[in-house]
Amino acid sequence: MKKTSKTRVLFVCLGNICRSPTAHGVFEALVEARSLAGQIEVDSAGTGDWHVGFPPDKRAQAEARRRGVDISSLRARQVKNADFDRFDYVVAMDEANLRDLKRLMPEHFSGYLGLFLPFAPELDISEVPDPYYGAANGFVRVFDLIECASEGLLAEIQRADSN
Ligand code: 4NP
């Protein structure tokens with residue numbers, strides 16, 4: 001059951017400086033492009049607290065900018081228990097994030113808690129790989145995967161809303 005007339009989506013990764021802010025920016029841009037900003041709210045958070053208050057990683061910012069999405073104003077925060085009372089979709093980038101979120105999830109949560117990439121079944125992987133310690137092209141791959149799954153997630157939200 002939806003919490004309010006608005007649908008609220010929270011993207012979660014480990015640090016909230018690479019993958020989830022990219023998903024936040026890409027999904028928000030898609031929502032705006034489809035003139036759905038009044039109906040869908042987007043946010044992101046990390047399971048860890050090391051980077052709280054910091055902007056996205058420079059490499060994530062650069063790749064997003066190159067693809068027309070500005071994520072420079074986002075600031076990292078840590079996911080909290082109360083997020084489950086606010087958000088309808090809590091979307092994890094990988095299995096470790098999902099495991100941590102399941103520990104935090106209150107029993108009464110009735111929204112979606114799950115991985116992001118299954119919204120793009122055509123992809124051959126289910127997790128967005130952590131690009132933090134990898135090469136710069138990891139950020140290109142992360143953006144590609146996120147762009148693809150964003151379309152699928154939006155389609156699912158619209159399908160659920162029409163019921
Ligand atoms: P993110 O990437 O979870 O996609 O934001 C990471 C950022 C920082 C660290 C690991 C992953 N770290 O170990 O500090």
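Given the options Ser150, Ser72, Ser35, which has the most mean-square fluctuation in a GNM of the chain, springs set between C-alpha atoms less than 10 angstrom apart?
Ser35
Counting only chymotrypsin sites (Phe, Trp or Tyr not before Pro) that sit in a DSSP loop (anything but H, G, I, E, B) with at most 13 other Cβ atoms within 10 Å, what is the longest stretch of the chain containing none of them? Mind showing how you got there, number by number?
Numbers: sites that count: Trp50, Tyr133.
Of all site-free stretches, the longest is 51-132.
If you place +1 on the Cβ of every Lys and Arg, -1 on the Cβ of every Asp and Glu, and leave all else neutral, what size is the dipole of the range 3-96 about its Cα centre, to the nearest 20 Debye? Can you show the working numbers first?
Details: 14 positive and 13 negative charges, 50 e Å.
The calculated dipole for the range 3-96 is roughly 240 debye.
Treating the beta-carbon of each Lys and Arg as +1 and of each Asp and Glu as -1, no other charges, what is the dipole magnitude of the chain about its Cα centre, to the nearest 20 debye? Each step should come with its number before you reach the end.
Numbers: 20 positive and 24 negative charges, 83 e Å.
For this selection, approximately 400 debye.
5 Å is the cut-off here: which amide hydrogens, built 1.01 Å from N in the peptide plane, fall below it relative to Asp57, excluding neighbours closer than 5 in sequence?
Cys18
I'd like the Karplus ³J(HN,Hα) series for the range 130-140: coefficients 6.51, -1.76, 1.60, θ = phi - 60°, whole numbers in Hz, and an x wherever there's a Gly or Pro.
5, x, 4, 9, x, 6, 4, 5, x, 6, 5
Enumerate the amide H contacts of Leu115 below 5 Å, restricted to partners 5 or more residues apart or on another chain; note that Pro and chain-start residues carry no placed amide H.
Ala92
Which of Ala33, Ala64, Ala120 ends up with the largest GNM mean-square fluctuation for the chain, with Cα atoms connected below 10 Å?
With Cα springs under 10 Å in the chain, the top fluctuation among Ala33, Ala64, Ala120 is at Ala33.
If you rank Leu115, Leu153, Leu101 by fewest surrounding Cβ atoms within 10 Å, what's the result? Kindly include the intermediate steps, with their values, before the conclusion.
Numbers: Leu115 17, Leu153 25, Leu101 22.
Ascending Cβ contact count within 10 Å gives the list Leu115, Leu101, Leu153.
Expressed as a rounded percentage, what relative contact order does the chain have, with Cα pairs under 8 Å and six or more residues apart?
26
How much net charge surrounds Phe54 when only the other residues with a Cβ under 14 Å from the Cβ of Phe54 are counted, with Lys and Arg +1 and Asp and Glu -1?
Numbers: positive: Lys58, Arg59, Arg75, Arg77; negative: Asp49, Asp57.
The answer is +2.
³J(HN,Hα) across the range 29-41 via Karplus (A = 6.51, B = -1.76, C = 1.60, θ = phi - 60°), whole Hz, x for Gly/Pro?
Taking θ as phi minus 60°, the curve returns 5, 5, 4, 5, 4, 8, 6, 10, 4, x, 9, 10, 10 Hz for the range 29-41.
Please tell me the relative contact order of the range 97-163 in percent, rounded to the nearest whole number, where contacts are Cα pairs under 8 Å and at least six residues apart.
30
Which residues' amide hydrogens lie under 5 Å from the amide hydrogen of Gly134, considering only partners 5 or more residues apart or on another chain, with H built in the peptide plane?
Sorted by chain and number, the residues that satisfy this come to none at all.
Can you give the helix-only mean residue ellipticity at 222 nm for the chain, where every DSSP H stretch with n ≥ 4 adds -39500 (n - 2.57) and the sum goes over all residues, rounded to the nearest 500 deg cm²/dmol?
Working: 5 runs with 63 residues, N = 163.
Dividing the helical sum by the residues of the chain leaves -12000 deg cm²/dmol.
Here, each number is a calculation from the coordinates, and none is a lab measurement. All values derive from a computational prediction rather than experimental measurement. Note: ideal-geometry Cβ built from the backbone for every residue, glycine included; neighbour counts use all protein chains shown.
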